[in-house]
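The values are calculated or read from the model by the stated rules, or taken from the named source; none is laboratory data. Fair warning: this is a prediction, and the values are worked out from it, not measured in the lab. Please note: Cβ atoms are built from the backbone with ideal geometry, for glycine as well, and neighbour counts cover all protein chains shown.
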């Protein structure tokens, strides 16, 4: 049975999340598997940490696509999506990309940790960032991460 057939059969039998580990890096195949019910998609040649990220995302009810499959053009123009995120949301993202914890960000900006989480989630949604790796790439493009 193919991976696509297996995903369809599993989806029909269970309400569990499906994470696919495959060698196929074809966008059309990713779309087919997503339509079949897969919420995670990881390439076999990727580090094992990507599979763990996908499993954790699926367990949290989120989708995960291996960063190797992420179209880089989404992140090429740092000004493309910035106007949709508020200044405060961008401040939170900047600090998060720099390695600060939510608690540290909250303390630094004098806001609650829950507010940090909301700002981060809203900004990432608005900027179409799907995870920490997208956030770090965005921060690099924006020039937020410079060597000291």
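General observations
- Subset tally (residues that are farther than 25 Å from residue 40 by Cα, modelled with pLDDT under 85 and part of a helix (DSSP H, G or I)) for region 103-148: 3
- Options 97, 106: the member that is within 21 Å of residue 66 (Cα to Cα), outside the structural domain of residue 64 (by TED's automatic domain parsing), touching a helix residue (DSSP H, G or I) at 6+ places or on another chain (Cβ under 8 Å) and surrounded by 16 or more Cβ atoms within 10 Å (Cβ to Cβ): 97
- Check on residue 58, in contact with a helix residue (DSSP H, G or I) (Cβ under 8 Å, 6 or more places away or on another chain) and either surrounded by 17 or more Cβ atoms within 10 Å (Cβ to Cβ) or modelled with pLDDT under 85 (or both): no
- Of the residues in region 34-44, at least one is farther than 21 Å from residue 129 by Cα, in a loop (DSSP other than H, G, I, E, B), in contact (Cβ under 8 Å) with a residue 24 or more places away in the chain and in contact with a helix residue (DSSP H, G or I) (Cβ under 8 Å, 6 or more places away or on another chain).
- Restricting attention to region 64-102, the residues that are over 13 Å from the mean Cα position of the chain (by Cα), at pLDDT below 85 and assigned to a helix (DSSP H, G or I) add up to 5.
- In the condition set (1) exposed (fewer than 12 other Cβ atoms within 10 Å of the Cβ); (2) outside any loop (DSSP other than H, G, I, E, B); (3) modelled with pLDDT of 85 or more, residue 19 is compliant with all but (1).
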